[in-house]
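To start, the structure itself, in structure tokens.
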Amino acid sequence: MNGKSETTEKYLKLYHDNIDKISDNSAPYLNSFREEAFGRFSELGIPTKKDEAYKYTNLSLFFDHDYASYFIPDAADFEKAEEFRCDISDMDTHGIVLLNGFYPTINEKLRQLPSGVWIGSLNAAAKKFPEIIEKHYGKYAHTDTDGLVHLNTAMASDGIFVYVPEGVILSKPVQVVNLVQAEVDSFSQHRNLIIVEKRAEFSIIICDHTLSPKKFLTNAVTEIFVGEDAHFDIIRVQNEHNAACKITHTFIHQERNSVASSNNMTLHGGLIRNSTYHYLGGEGAESHSFGLFLADKWQHVDNFVNVDHAFPHCTSNQLFKGVLDDMSTGTFNGRIYVRPDAQGTLAYQKNNNILLTDDAKMDTKPQLEIYADDVKCSHGATVGQLDGDALFYLQSRGINKREARLMLMFGFAHEVIQNIKIEPLRDRMDNLVMQRLRGELSRCASCMVKCG
Amino acid sequence: MEKAQDKILSEVTSGEYKYGFYSDIEMERIPKGLSEDVVRIISSKKNEPDWLLEFRLKAYRHWLTMKMPKWPNLKIPPIDYNEIIFYAAPKQRKTLNSLDDIDPELKKTFDKLGIPLEEQKHLSGVAVDAVIDSVSVKTTFKETLAEMGIIFCSFSDAVKEYPDLVRRYMGSVVPYTDNFFASLNSAVFSDGSFCYIPKGVRCPMELSTYFRINSANTGQFERTLLIADEESYVSYLEGCTAPSRDENQLHAAIVEIIAEKSAEVKYSTVQNWYPGNKDGLGGVFNFVTKRGLCKGENSKISWTQIETGSAITWKYPSCILRGDNSTGEFYSVAVTNNHQQADTGTKMIHIGKNTKSTIVSKGISAGKGQNSYRGLVKVLRNATNARNYSQCDSLLLGDKCGAHTFPYLEVDNQTAIVEHEATTSKIGEDQIFYCNQRGISTEDAIGLIVNGYAREVINKLPMEFAVEAQKLLQISLEGSIG
């Protein structure tokens with residue numbers, strides 16, 4: 001990018017004005033990355049439609065706006081966070097709440113679960129476990145083209161930290177409730193680090209909610225290390241109002257024979273961009289990337305996936321689906337990258353979308369880049385409507401058209417939902433999607449904001 | 001087994017380029033380099049009318065403001081436009097009334113290439129327009145075609161004889177501002193073919209243009225304009241070869257097709273420019289803009305291409321489906337061997353209602369070749385009931401080559417059905433084993449498998465071309481199976 005846009009200038013200024021405050025409040029090791037990352041951000045700037053990775057997503061709508069940002073958490077806010085209750089009552093999880101990107105201070109900053117798993121604030125962990133942080137922080141979030149990742153590295157000071165020691169199998173998932181609440185329009189960034197050591201098994205659910213009807217912009221980066229033979233699942237449930245813009249970058253680094261899956265369930269949100277990077281960094285690693293979004297009104301949902309096959313005999317699978325209603329727009333940008341020595345690669349990618357109105361628009365870009373010969377790779381993408389034959393089949397058996405359409409759409413969505421391994425969450429998702437398809441759920445469950 | 005395969009692979013991939021000879025024809029060249037004066041010289045050499053000179057100058061001035069695009073998945077060495085000769089023509093082409101007037105060297109060249117310039121010998125009937133370096137040297141069967149009202153001549157002749165048609169259609173599909181190489185071509189194009197099929201006429205024979213780069217250091221910039229008026233039909237062939245040279249040569253052409261109501265155009269290319277030697281030295285840069293406009297209702301444009309030559313191929317034959325019920329097709333086989341690179345594909349723009357498009361692309365990579373499919377399927381808001389089916393397969397023959405797929409699907413209409421699927425895989429060892437086991441050598445087995453793989457596309461070619469294409473595939477891949 002040559003010549004910095006006005007928008008980028010604004011964020012450059014934000015950094016200069018606040019860097020001292022940010023640094024004072026966070027661990028030295030996190031600070032040591034800031035300057036360089038900021039340098040890279042000033043070169044790259046805020047992505048525009050000229051950047052290939054953001055070709056169909058117009059961020060300026062949200063980034064041009066003026067936001068308030070704060071860099072030291074306010075204790076009073078956290079009481080509000082405490083009031084929030086997840087409405088999936090039968091789901092047994094270890095819960096954590098993150099408010100506007102900060103870990104609540106009224107709890108302990110870090111807590112240890114029975115099996116020796118640590119969960120808590122990244123900032124606190126960076127002070128308490130410097131050797132773990134130094135081994136992993138900033139090691140996986142590699143990107144040469146996305147300025148937003150660098151902006152996050154330069155300015156984020158807190159987020160979630162999870163450490164699962166070798167061989168520990170945590171039967172209950174950890175649930176992070178990611179709240180955004182403020183009386184003014186705000187911009188926040190947080191940074192998560194999840195480490196799953198050898199032979200450990202762990203799953204995490206990240207739920208995004210907005211609690212007040214202001215305009216929000218969130219730019220989050222999550223780095224995940226999955227050790228040898230470890231199993232890891234991450235499920236995101238995104239339920240934000242229409243004036244919220246959520247940008248997530250998730251980097252999953254996998255070692256030998258590990259299995260990892262990522263599942264992005266986007267139910268509601270103004271502008272959502274999920275970038276998921278899978279790095280298969282050892283022989284026999286297996287990765288799954290799933291995504292489902294239901295968009296209506298003026299919403300825009302963009303799923304970006306990059307699967308990097310760096311070692312031989314790895315397997316990857318991508319399945320992304322979207323249902324677009326009203327004037328909503330959607331984007332899928334998936335890439336399978338097979339490096340020269342990654343022989344024996346199996347990689348699949350599938351993207352299906354349904355357009356419900358003439359005003360909805362879907363752009364999809366499934367890509368294969370293959371530099372090894374002993375591979376089996378395929379991808380398929382479709383944009384269309386419900387299958388006329390299937391509809392006829394159901395109608396001919398006495399199911400009315402409206403119900404038949406719903407059944408087909410539900411079946412379409414369920415193909416993604418069924419990959420969630422946590423049963424109460426899976427049922428809940430089925431339920432929410434059904435309600436959403438019936439039009440009974442124009443806003444998110446548990447949301448106090450009426451957006452429209 | 002592995003070793004035997006590797007050996008055969010290397011033999012296959014090391015097949016020599018057959019058309020690498022150079023003919024010593026007396027040529028007229030202008031000095032190297034590009035400037036407004038050069039554009040004027042080209043125009044005056046061809047005695048062009050003012051409006052055409054104006055068009056060239058506008059294009060040149062626009063080109064100066066542009067930069068070479070960087071988005072393709074190609075490694076292109078920098079091109080010095082001041083080292084290229086922009087105009088080279090065989091001399092003494094004043095009065096070409098009979099074949100005897102053609103320079104015997106030139107005739108020999110075409111005989112060597114197997115291009116029938118002599119009408120009487122050629123019974124199957126393919127009308128040929130031969131373009132050498134920058135200039136069309138001979139168009140056969142002109143009279144036979146004229147009886148049916150078909151115009152088939154060199155572009156320069158068309159400018160003189162049918163200025164109205166040329167003026168009306170030139171640049172209407174590929175404007176001079178379209179892209180870097182289209183602007184360059186619009187400024188300096190030297191010749192090409194022009195073809196007009198009148199209303200209701202079904203062209204009785206295949207029309208064919210044969211392109212040959214002969215001189216050193218020259219760029220070839222030709223322009224083809226093909227107009228099929230209402231309810232007409234034409235099948236058009238294009239073939240290309242060039243001598244083997246160590247330096248790269250630039251070929252930047254434009255092909256524009258206009259299909260009026262219910263017209264059908266079938267455009268087939270067998271591209272076999274010099275691909276460079278085994279170490280990637282030399283070869284032609286083939287940067288071509290090809291686009292067809294389905295202007296009227298029920299019109300149809302079908303592109304078929306066999307891309308085996310060129311060091312770098314960078315082209316996207318496209319269809320703009322403007323007329324209701326119009327159809328666009330794209331069938332492609334692209335082979336990259338040794339150090340060849342290809343970034344090719346198509347664009348299908350659905351504008352009219354009930355428009356249909358089909359894309360079948362087969363990439364074959366061997367040696368250190370890099371082969372990319374890049375395509376766009378765009379369905380505009382008003383294109384009700386648009387239908388697209390794309391299939392892009394890649395076959396890998398070797399562990400140093402690459403195959404890439406970059407499809408773009410942009411859908412803005414709920415009634416559209418757009419499907420894309422792609423697979424990439426190695427040639428099946430079980431298939432080779434099956435053949436071996438029945439007494440077919442590995443090399444022949446590979447030939448069989450590749451031909452079977454490409455059959456869907458080759459079947460779309462006119463017969464004479466299909467035979468040639470099959471042979472070409474075999475030669476291009478000689479020794480390349482792993």
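The values are calculated or read from the model by the stated rules, or taken from the named source; none is laboratory data. Quantities reported herein were computed from a predicted structural model and do not represent experimental measurements. Neighbour counts run over all protein chains shown; Cβ positions are idealised from the backbone, glycine included.
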- Query: For the stretch B:37-77, which residues satisfy the criterion of being surrounded by fewer than 15 Cβ atoms within 10 Å (Cβ to Cβ) and among the hydroxyl-bearing types (Ser, Thr, Tyr)?
  - Reply: B:Ser44, B:Thr65
- Message: Taking the conditions exactly as written (in contact with a Lys or Arg (Cβ under 7 Å, 6 or more places away or on another chain) and among the β-branched types (Val, Ile, Thr)), does A:Ile420 satisfy them or not?
- Response: yes
- Note on the structure: Among the residues of the stretch B:356-372, the number that are more than 9 Å from chain A (Cβ to nearest Cβ), closer than 27 Å to B:Ile427 by Cα and in a strand (DSSP E or B) is 9
- Just a yes or no: is a residue in the stretch A:402-425 more than 7 Å from chain B (Cβ to nearest Cβ), part of a loop (DSSP other than H, G, I, E, B) and within 24 Å of A:Tyr54 (Cα to Cα)? no
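I'm trying to understand the selection: among the residues of the stretch A:299-332, which are of a type in the set (Gly, Ala, Ser) and either farther than 30 Å from A:Gly344 by Cβ or in the same structural domain as A:Gln435 (by TED's automatic domain parsing) (or both)?
A:Gly322, A:Ser328, A:Gly330
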- Task: For B:Ser332, indicate whether it is in a strand (DSSP E or B), small (Gly, Ala, Ser) and buried (at least 24 other Cβ atoms within 10 Å of the Cβ).
- Result: yes
- Query: Right, A:Ser188: at pLDDT below 95, assigned to a strand (DSSP E or B) and either among the hydrophobic types (A, V, I, L, M, F, W, C) or out of contact with any helix residue (DSSP H, G or I) (no Cβ under 9 Å at 6 or more places or on another chain) (or both) or not?
  - Reply: yes
- Query: Within the stretch B:401-437, how many residues turn out to be without any contact (Cβ under 8 Å) to a residue 12 or more places away in the chain and either within 7 Å of chain A (Cβ to nearest Cβ) or on the phi > 0 side of the Ramachandran plot (or both)?
  - Reply: 1
- Item | Residue that is part of a strand (DSSP E or B) and either over 16 Å from the mean Cα position of the chain (by Cα) or of a type in the set (Gly, Ala, Ser) (or both), where the choices are B:Ser235, B:Ser244, B:Ser262 | B:Ser235
- Item | Yes/no for B:Gly296 being in contact with a strand residue (DSSP E or B) (Cβ under 8 Å, 6 or more places away or on another chain) and either part of a loop (DSSP other than H, G, I, E, B) or surrounded by fewer than 21 Cβ atoms within 10 Å (Cβ to Cβ) (or both) | yes
- Item | For A:Asp389: the one exception among (1) part of a strand (DSSP E or B); (2) more than 7 Å from every other protein chain (Cβ to nearest Cβ) | (1)
- A:Val176 under 18 Å from the mean Cα position of the chain (by Cα) and assigned to a strand (DSSP E or B): yes
- Restricting to the stretch A:306-324, what's the tally of residues that are within 12 Å of chain B (Cβ to nearest Cβ) and closer than 11 Å to A:Phe293 by Cα? 3
- Message: Residues to consider are B:Thr344, B:Thr327, B:Thr405, B:Thr424; find the one that is out of contact with any Pro (no Cβ under 6 Å at 6 or more places or on another chain), surrounded by 24 or more Cβ atoms within 10 Å (Cβ to Cβ) and within 30 Å of A:Asp358 (Cβ to Cβ).
- Response: B:Thr405
- Message: Suppose we keep only residues that are of a type outside the set (Ser, Thr, Tyr) and surrounded by fewer than 24 Cβ atoms within 10 Å (Cβ to Cβ) within the stretch A:301-317. Which one would you say is nearest to A:His231 (Cα to Cα)?
- Response: A:Asn317
- Message: I want to confirm something. Restricting to the stretch B:151-185 and keeping residues that are without any contact (Cβ under 8 Å) to a residue 60 or more places away in the chain and not in a helix (DSSP H, G or I), which single residue is nearest to B:Leu34 (Cα to Cα)?
- Response: B:Pro175
- Query: Does the stretch B:439-447 contain any residue that is touching a residue at least 24 places away in the same chain (Cβ under 8 Å), facing another protein chain (nearest Cβ under 10 Å) and outside any strand (DSSP E or B)?
  - Reply: no
- Residues within the stretch A:349-369 that are within 7 Å of chain B (Cβ to nearest Cβ) and under 19 Å from A:Asp296 (Cα atoms), tallied: 9
- Message: Regarding the stretch B:299-321, can at least one residue be identified that is surrounded by fewer than 24 Cβ atoms within 10 Å (Cβ to Cβ), charged (D, E, K, R) and part of a loop (DSSP other than H, G, I, E, B)?
- Response: no
- Item | Evaluation of B:Lys353 against (1) more than 9 Å from chain A (Cβ to nearest Cβ); (2) in contact with a strand residue (DSSP E or B) (Cβ under 8 Å, 6 or more places away or on another chain); (3) part of a loop (DSSP other than H, G, I, E, B) (one fails), failing number | (2)
- Message: Checking the conditions here, which among A:Ala342, A:Ala372 is at the interface with chain B (Cβ under 10 Å from one of its Cβ atoms), over 27 Å from A:Asp430 (Cβ atoms) and in a loop (DSSP other than H, G, I, E, B)?
- Response: A:Ala372
- Report whether or not B:Ser390 is within 14 Å of another protein chain (Cβ to nearest Cβ), farther than 30 Å from A:Thr329 by Cα and assigned to a strand (DSSP E or B). no
- Message: Can you tell me which of (1) in a helix (DSSP H, G or I); (2) under 24 Å from B:Ser318 (Cβ atoms) is the one B:Thr384 doesn't meet?
- Response: (1)
- helices (runs of 4 or more DSSP H) enclosed by the stretch A:88-172 - at least 2 residues per element that are touching a residue at least 24 places away in the same chain (Cβ under 8 Å) and buried (at least 21 other Cβ atoms within 10 Å of the Cβ): A:122-128, A:147-155
- Checked the stretch A:311-342 for anything more than 21 Å from B:Ser372 (Cβ to Cβ) and over 20 Å from the mean Cα position of the chain (by Cα); matches are A:Phe311, A:Pro312, A:His313, A:Cys314, A:Thr315, A:Asp325, A:Asp326, A:Met327
